[in-house]
Amino acid sequence: MVKIAILGAPGCVGRHLIDILLKNPDCHIVASYRSEKEIPGDLQNDRLSWKQVDLLDPASAGNFLHQAEALIYLIHSLGAKNFEQLDTQLANAAGLAAKNAGIKKIIYLGGIVPHNQKVSPHLASRMKTGEALASHGIPVAEVRASILLATCSMSYLIVYNLARRLPVMITPRWLNSFCAPIALEDAVSCLSALVQREIKGHDIFEIGSDIVRYRDLISSCGKSMRGIKNLIITVPAFAIHLSGLWIEFVTGVPNSVALALAEGLRTDTVPSKNRFKEVTGRDPIPLETILNQLALKMKAKTR
């Protein structure tokens, strides 16, 4: 029996990952939560234990990781005022606790960091989190992804609501930046496959599906809903704080989160080397396919 500890388990990624891992009858999972209301009522299994943990309390963190062989780290503090400092603090606490508990490897889901371009605070924090986890001498497999596509993904919901509510829109010029969206089920397949893979040092796995401009992603999302692409007009002058307010107004995403995500859109987030097939043995789901699938799911949810 392999015991896997998951920090950040109640979130969008964690729930889907647990479903996949439990398909292996030799896998036992201990999943973290901060308050009992976070525990999904529909996610229960004899091989799944939910434990409350405070990472900043060494005794609590040690108890959570007791006898686990691998740690999957999914914590993200985006939305907090001091998210950069908090992300690093929590990652260092987790890395130290993992070292003391004898964890053999850490698997972490971060974001693709642009090369030769200014990095947004959000993406810089994702990178520093991986570095903090690896600073304690435990092998770290860091999966770096661009936009995750799922009905529970905040990034996708921003794209979906923009495409749904604004068939014609004027947008910042930096929506011409490139991204490599990937289906959530592909991202969690990669994470679960790395549980069985030998990891040495701090190994980075960049993954993604089709490479498109952000504006084309929004437009294609519109086509998946109504059969016609959105008309998008880009303009050079568009202050970043106005973009955050605009996203909040149109999509309902809190301004602090919208602003952090909008800053990341200024740069390209595409894999320098896509390692998805290397890890999973298959190609990722094509972008058009997953957008059509998600459009049907969103339509069903609103009925």
Query raised in the report: Using alpha-carbon pairs under 8 Å, 6+ residues apart, how would you state the relative contact order of the chain in percent?
Result: 18 percent
Query raised in the report: Given springs between every Cα pair under 10 Å in a Gaussian network model of the chain, which of ALA145, ALA91, ALA101 has the largest fluctuation?
Result: ALA101
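With a cap of 13 neighbouring Cβ atoms within 10 Å, and only residues DSSP puts in a loop, list the trypsin sites (Lys or Arg not before Pro) found in the stretch 1-90.
Sites meeting the loop and neighbour criteria: LYS23, ARG34, LYS81.
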Query raised in the report: Quick one: what Rg and Dmax do you get for the stretch 1-98 from the alpha carbons, in Å?
Result: 13.2, 41
Query raised in the report: Where does the Debye-calculated log10 I(q)/I(0) of the stretch 19-164 sit at q = 0.19, 0.22 Å⁻¹, using only Cα point scatterers of equal weight, no solvent?
Result: -1.34, -1.53
Requested in this report: Grab the eigenvalues of the alpha-carbon gyration tensor for the stretch 175-238, scale each by 5, take roots, and send me the semi-axes largest first in whole angstrom.
Outcome: 33, 16, 6
Query raised in the report: Can you pull the percent of the chain's accessible area that's carbon plus sulfur, 1.4 Å probe, other chains left in place?
Result: 53 percent
**Report entry** Where the chain is the region considered: accessible area per residue in Å², 1.4 Å probe
**Finding:** 46 Å²
Report summary line: Among the Cα-Cα pairs of the chain, the proportion with separation greater than 33 Å, in percent, is 23 percent
Query raised in the report: In the stretch 92-125, which trypsin sites (Lys or Arg not before Pro) are in a loop and have at most 10 other Cβ atoms within 10 Å, using DSSP for the loop call?
Result: LYS118
**Report entry** Directionally averaged shadow of the stretch 89-158, computed from the convex hull of its alpha-carbon atoms, nm²
**Finding:** 5.7 nm²
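The values are calculated or read from the model by the stated rules, or taken from the named source; none is laboratory data. Here the structure is a predicted model, which is why all the values come from computation and not from measurement. Glycine also receives a Cβ, built like all others from the backbone with ideal geometry; neighbour counts cover every protein chain displayed. Side chains included, ligands, DNA and RNA excluded: accessible areas come from the protein's heavy atoms. Shrake-Rupley method; radii C 1.70, N 1.55, O 1.52, S 1.80 Å.
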